[in-house]
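Okay, so here's the structure we're looking at.
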Amino acid sequence: MLSCCSVSMLLFALGFLLVILQSSTGQFPRVCANVQSLLSKECCPPWDGDGSPCGELSGRGSCQNILLSQAPLGPQFPFSGVDDREDWPSVFYNRTCTCEGNFMGFSCGECKFGFSGLNCTERQVKIRRNIFQLTASEKNKFLAYLNLAKNIPSQDYVIAIGTYAQMNNGSNPMFRDINVYDLFVWMHYYASRDTLLGGSNVWRDIDFAHEAPGFLPWHRVFLLMWERQIQRITGDENFTIPYWDWRDAEDCEVCNDEYMGGRHPTNPNLLSPASIFSSWQVICTQSEEYNSQQALCSATSEGPIRRNPGNNDKSRTPRLPSSADVEFCLSLTQYESGPMDKMANYSFRNTLEGFADPQTAISNPAQSGLHNALHIYMNGSMSQVQGSANDPIFVLHHAFVD
């Protein structure tokens, strides 16, 4: 499913994870998407509670220089200083809020995941449930929440529609509004997109969210942030993303109009018009067009969700994963091994991601197992890395992987 990655991508993945947890809960906070913040390279907005930067007067945090890994990069990415995502977020901001205790967020205005209360001291446990164990009303509420997220603008975040160089090194900000659901589609695209090298040149063998040790922690935080945003727009603090347990499934059990949308009666590549998801428009699916224009995805509509489950390349993914595949993967004792990419053998991460055989843990990128198998099986929007989050099955799938 996924484009090539490298060991060096681990540095970004873990660095990006650190940034999210300590100083930001999104790519570009709206309050910092302006000339002043970009030219000063500082994103330390005031916390609404006391009006001080990072809530410093209340002991929530302070404005600090960002910390970057000093570890050497791997040899797989033969460039330096050409990609805005290198040493994230230093190209855009090198001073951000460093939060204390259980506080987090771009202004230290939120609680870390798993905590609540005025001072973020109350431990909070929330449970994700099998979607087939939800009551009809709970399931319908989940679908309604997804649809709301697709139709309500994000109040906290914007997306970049140009590179830092295209923004004239910050003096010409290029950002735009986006709805809450598509914010996360765009974030997944942004982490996975190709590197623009100028002219007509691109570097495709790069991915900051896949094919490296950061795959699992990156997607874990991604889901937690997604959950948090839906909790905020709905006021439902107890909301959690359900999961689809696809072990031993013979077909796409959620692909019906009661759940995530059935098959269109006359076009097998589209969703049934009886599903609310049939009216959704996808974004960030035309990578070659962006590359030819040396542009970023601007989140404009690019057509309906495409899905044709089961009509995929059987030589690559002959079946959905089995319980035996999962149990074997869980028996592996090394989280990562060897080159730490899709060629890793006996790697829990690589086997779960799907580049290693789920019966031997030997790398086999020509086959797609476990996580990757679901993406390929869906045979549509889910099967294209950069735009895979357009299909709402993505959240069910990744909640189960998590």
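The values are calculated or read from the model by the stated rules, or taken from the named source; none is laboratory data. Model, not experiment: these values are computed from the prediction. Using ideal geometry, Cβ is built from the backbone for each residue, glycine included, and neighbour counts are taken over all protein chains shown. Accessible surface areas use protein heavy atoms only, side chains included; no ligands, DNA or RNA. Shrake-Rupley method; radii C 1.70, N 1.55, O 1.52, S 1.80 Å.
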Q. Can you give the accessible area per residue of segment 101-164, in Å², using a 1.4 Å probe?
A. 49 Å²
Q: Could you let me know the centre-to-centre spacing of segment 262-305 and segment 103-149, using Cα atoms, in angstrom?
A: 28 Å
Q: Can you grab the distance from the C-alpha centre of segment 352-395 to the C-alpha centre of segment 80-102, Å, no decimals?
A: 30 Å
Q) So how many Å³ per residue does the convex hull of the Cα atoms of segment 142-250 work out to? A) 163 Å³
Q. How far apart, in nm, are two points set 7 Å out from the Cα along the Cα-to-Cβ line at THR240 and at SER323?
A. 2.2 nm
Q: Mind pulling the per residue volume of the convex hull built on the Cα atoms of the chain? Å³ is fine.
A: 140 Å³
Q. Which residue, ALA191, ALA344, ALA165, tops the fluctuation ranking in a GNM of the chain built on C-alpha contacts under 10 Å?
A. ALA165
Q | Modelled FRET efficiency - R0 35 Å, VAL82 with ASN256, Cβ distances, 0.05 increments | A | 0.15
Q. Comparing THR195, THR121, THR266, which has the greatest mean-square fluctuation in the GNM of the chain with Cα pairs linked when under 10 Å apart?
A. THR266
Q: In Å and from the alpha-carbon atoms only, list the Rg and Dmax of segment 260-397.
A: 16.9, 48
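Could you check how much of the accessible area of segment 220-336 is carbon and sulfur, as a whole percent, using a 1.4 Å probe? If you can, show how the numbers build up before the last one.
On the way: 2510 of 5440 Å².
Whole-percent figure for carbon plus sulfur exposure: 46.
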Q.
Using helices alone, I'd like the mean residue ellipticity at 222 nm for the chain: each DSSP H run of four-plus residues gives -39500 (n - 2.57), total over residue count, nearest 500.
A. -8500 deg cm²/dmol
Q. What list of ³J(HN,Hα) couplings, whole Hz, do you get for segment 69-75 from phi and the Karplus terms 6.51, -1.76, 1.60, once you set θ to phi - 60° and write x for glycine and proline?
A. 5, 9, 5, x, 6, x, x
Q: For segment 181-210 and segment 308-348, compute the distance between their C-alpha centroids and round to whole Å.
A: 24 Å
Q | Sequence-distant lysines (8 or more away, or on other chains) whose Cα lies within less than 30 Å of LYS141 | A | LYS112, LYS126, LYS150
Q. Can you tell me the Rg and Dmax of segment 190-330, counting just the alpha carbons, in angstroms?
A. 18.3, 49
Q.
If the reach is capped at under 13 angstrom between alpha carbons, list the aspartates and glutamates near LYS139, excluding any in the same chain fewer than eight residues apart.
A. ASP257, GLU258
Q) What is the Cα convex hull volume of segment 73-173 when expressed per residue in Å³? A) 216 Å³
Q. Can you run phi through the Karplus equation (6.51, -1.76, 1.60; θ = phi - 60°) for segment 339-344 and list ³J(HN,Hα) in whole Hz, with x for Gly and Pro?
A. x, 6, 9, 6, 9, 6
